[in-house]
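Inspection log for the structure reproduced underneath, given as structure tokens.
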Amino acid sequence: MFADRRSAGQALAKELEAYASQSPLVVGLPRGGVPVAFEVAKALKAPLDVLMVRKVGAPGQPELAVAAVTEGNPPHLIQNRDIIAHLGVSDAYLESTAKDLLVSMGKRRAAMGAGTAPPDFKGRTVILVDDGIATGATMKAAIAAIKAQGARHLCVAVPVAPRETIAEMQRLADNMVCLEVPDFFRAVGAHYLDFGQTSTEDVAQFLAESRGMD
């Protein structure tokens, strides 16, 4: 059990100390992953950035994810081919929806004070941080995008996740660090005493403070 996201990040940073000598780039998944990533970046004296990931909902069923799109150059679209085939979702729908989401992500990045473009991962050691993993859909999309853009080494780091999800992340990333692996996983928030919402303004403040420490 963690007091809050920042204390979880401090604990996570201790397990990542070996990366301090590798000039890593710490990447938080907005919004909840950023307070955790901030503490990791602070401890490792590393730059902090964010990576935007949004799910693509099914036509008429926005809560049912048929794909996920990540910002990047180029953007990356991860498709759930089984659901797409079952529902008969067209390529035109996927492309149009992804395009709209990318515009939205660009506006959100600007509102967070994170610049106009995602970081360049090519040749970098990247530590990808979130406040926890449940199904792993968002994290898998982020991993695929970072690897596609040529990261040299990718470490996924989270305070808590279910055992089966960790096994999958270990196959996808070069390294996986997780502090707590509960026998009975309910939800990420159940493992925090304070799991209040992280606002866009909070993210902007963390990023600004991190830049001030560079």
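The values are calculated or read from the model by the stated rules, or taken from the named source; none is laboratory data. Everything numeric here is computed off the predicted structure, so don't read it as measured data. We place every Cβ from the backbone using ideal geometry, glycine too, and count neighbours over all the protein chains shown.
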* Asked: Of the residues that make up the stretch 112-134, is at least one modelled with pLDDT under 90 and farther than 23 Å from Gly212 by Cα?
  -> yes
* **Hey, Lys55 under 23 Å from Val126 (Cβ atoms), in contact (Cβ under 8 Å) with a residue 60 or more places away in the chain and in a strand (DSSP E or B) or not** => yes
* Structure fact -> Checked Ala43, Ala37 against criteria (assigned to a helix (DSSP H, G or I) and within 15 Å of the chain's Cα centre (by Cα)); the one match is Ala37
* **Subset of the stretch 10-55 (residues that are surrounded by 20 or more Cβ atoms within 10 Å (Cβ to Cβ) and small (Gly, Ala, Ser))** => Ala13, Gly28, Gly32, Gly33, Ala37, Ala41, Ala46
* Return the residue satisfying two criteria in turn: it lies in the stretch 87-111 and is among the β-branched types (Val, Ile, Thr) and assigned to a helix (DSSP H, G or I), and of such residues it is farthest from Ala208 (Cα to Cα). => Thr97
* To do: For Ala68, indicate whether it is closer than 30 Å to Glu39 by Cα and in contact with a Lys or Arg (Cβ under 6 Å, 6 or more places away or on another chain).
  => yes
* To do: State whether the residues of the stretch 60-73 include one that is hydroxyl-bearing (Ser, Thr, Tyr), within 17 Å of Asp130 (Cβ to Cβ) and not assigned by TED's automatic domain parsing to the domain that holds Lys122.
  => yes
* To do: List the number of the failed condition for Asp183; all other conditions in (1) farther than 23 Å from Val66 by Cβ; (2) modelled with pLDDT of 90 or more hold.
  => (2)
* Asked: Would you pick out the residues in the stretch 1-36 that are modelled with pLDDT of 95 or more and touching a His at 6+ places or on another chain (Cβ under 7 Å)?
  -> Phe2
* Asked: Restricting the search to the stretch 80-98, which residues are crowded, with 17+ Cβ neighbours inside 10 Å and either assigned by TED's automatic domain parsing to the domain that holds Ala145 or among the polar types (S, T, N, Q) (or both)?
  -> Asn80, Thr97
